[in-house]
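See below for the structure under consideration.
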Amino acid sequence: MNRIEPPTFFDDHAALRALASNCRLRSYPVLADHVDAISEGYVKYVEANGNAHAISNVQLPDDVADFLKNHYKSPPSAISYIGEIRRRSGIRTCPMCGALRAGTLDHLLPKEDFPEFAIFGPNLVPGCSCNTLRGRILTGGPNERILHPYYDDVLRERLLVARIEDLGAVPRICLRSLLDSGHADYASVAFHIDQLVNRTLVVDYLGAEWVKLVQRPKSLSTHFRRDPPDRETLVDILKAELDRADDHHESLNNWDSIFLAGLLDASVIDWLFERFSRPGRSSGSPLISLRG
């Protein structure tokens, strides 16, 4: 999850006009009759800041809708920017779910339901497999919706941490939202987490990171080649690793940062320090046996 900048290296309106005037395409000449309506839809999309609750469909004949969806699949030269957006989508963190990869394009407003935005740059968001996991889910109640990485500034805040309970070889791990229920974006963030992030393998990833930590502490930080001499040093090491993960992945809500932020919970710190300082334990050895 992350707020990213929308692509600005092309003109959607000019590209749409060029596409509609191409007499070699099957969409010619019928698409030309709907260019003004689609362009108006583009303007309203941006004015609504990508908020799905505030965006209405542009009424299009079925054949025009199909033409636009097919043009996305096989972009003519007028909309070659689609391939460039996809090429540039190899960012370090999926802005939709926080996974440590991207590489695909997600139609924020699904093209099956909003074909008028099938080739619209601001509706094409880099993502990962979470794109298929959410399917066509877009909105819930009045303030519930999938967040838009190009417009929702709340994605710049730290929104998620791991909640790690029943500490041991195999703890219970889930996601905990950091937003107060009075926050203006609380409902949308909660909906996005429930309908998209929780459908991914994030909890499995967090569990695997915990196993690595308790078996090979130095895999989390080279500072753990030596045991922290006190609780404050342990906290400082984890905070430094959290800062590093935030910077490296260019997101406060990437899966590594979610894990590290969860380790900073007071009860987890206490458990970890007790394990690091256990009498008879050699420096750098596992914190706990996987058998208990």
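The values are calculated or read from the model by the stated rules, or taken from the named source; none is laboratory data. Please read these numbers as outputs of a predicted model, since none were measured by experiment. Here the Cβ positions follow ideal geometry from the backbone for every residue, glycine too, while neighbour counts run over all protein chains shown.
Things to note:
- Top-ranked residue in the stretch 61-88 [being polar (S, T, N, Q) and outside any helix (DSSP H, G or I); ranked as surrounded by the most Cβ atoms within 10 Å (Cβ to Cβ)]: 80
- The set of residues in the stretch 157-173 that are within 17 Å of the chain's Cα centre (by Cα) and part of a strand (DSSP E or B) comprises 160, 161, 162.
- Taking the listed residues 243, 265, 256, the one that is under 25 Å from residue 1 (Cβ atoms), among the acidic types (Asp, Glu) and touching a strand residue (DSSP E or B) at 6+ places or on another chain (Cβ under 9 Å) is 265, with no other qualifying.
- Pairs where the first residue, in the stretch 191-214, is in a helix (DSSP H, G or I) and the second is of a type in the set (Phe, Trp, Tyr), C-beta under 6 Å, 6+ apart: 202/255; 205/255; 206/259; 209/259
- Any hit, the stretch 207-223, residues being out of contact with any Gly (no Cβ under 6 Å at 6 or more places or on another chain), under 21 Å from residue 170 (Cα atoms), of a type in the set (Asp, Glu) and surrounded by fewer than 17 Cβ atoms within 10 Å (Cβ to Cβ): no
- The listed residue being within 25 Å of the chain's Cα centre (by Cα) and surrounded by 16 or more Cβ atoms within 10 Å (Cβ to Cβ), out of 199, 244, 231: 199
- Among the residues of the stretch 215-239, those that are within 13 Å of residue 283 (Cα to Cα) and part of a helix (DSSP H, G or I) comprise 215, 217, 218, 222, 223, 224, 225.
- Any hit, the stretch 144-157, residues being over 29 Å from residue 243 (Cα atoms) and either surrounded by fewer than 18 Cβ atoms within 10 Å (Cβ to Cβ) or in contact (Cβ under 8 Å) with a residue 40 or more places away in the chain (or both): yes
- Single match in 181, 277 (criterion: within 28 Å of residue 142 (Cα to Cα) and surrounded by fewer than 17 Cβ atoms within 10 Å (Cβ to Cβ)): 181
- Comparison of 116, 112 shows that the only residue that is more than 26 Å from residue 183 (Cα to Cα) and either of a type in the set (A, V, I, L, M) or outside any helix (DSSP H, G or I) (or both) is 112.
- Qualifying residue in the stretch 112-130 (condition: modelled with pLDDT of 95 or more, within 13 Å of the chain's Cα centre (by Cα) and of a type in the set (A, V, I, L, M, F, W, C)): no
- Boolean, residue 98 is outside the structural domain of residue 248 (by TED's automatic domain parsing) and at pLDDT 90 or above: yes
- Qualifying residues in the stretch 1-54 (those that are in contact with a strand residue (DSSP E or B) (Cβ under 9 Å, 6 or more places away or on another chain) and outside the structural domain of residue 98 (by TED's automatic domain parsing)) - the one surrounded by the most Cβ atoms within 10 Å (Cβ to Cβ): 1
- Residue match in the stretch 252-268 (condition: loosely packed, with under 15 Cβ neighbours inside 10 Å, free of Cβ contacts under 8 Å to residues at least 24 places away in the same chain and within 28 Å of the chain's Cα centre (by Cα)): yes
- The requirement of being touching a Pro at 6+ places or on another chain (Cβ under 8 Å), among the polar types (S, T, N, Q) and at negative phi is fulfilled somewhere in the stretch 193-215, by at least one residue.
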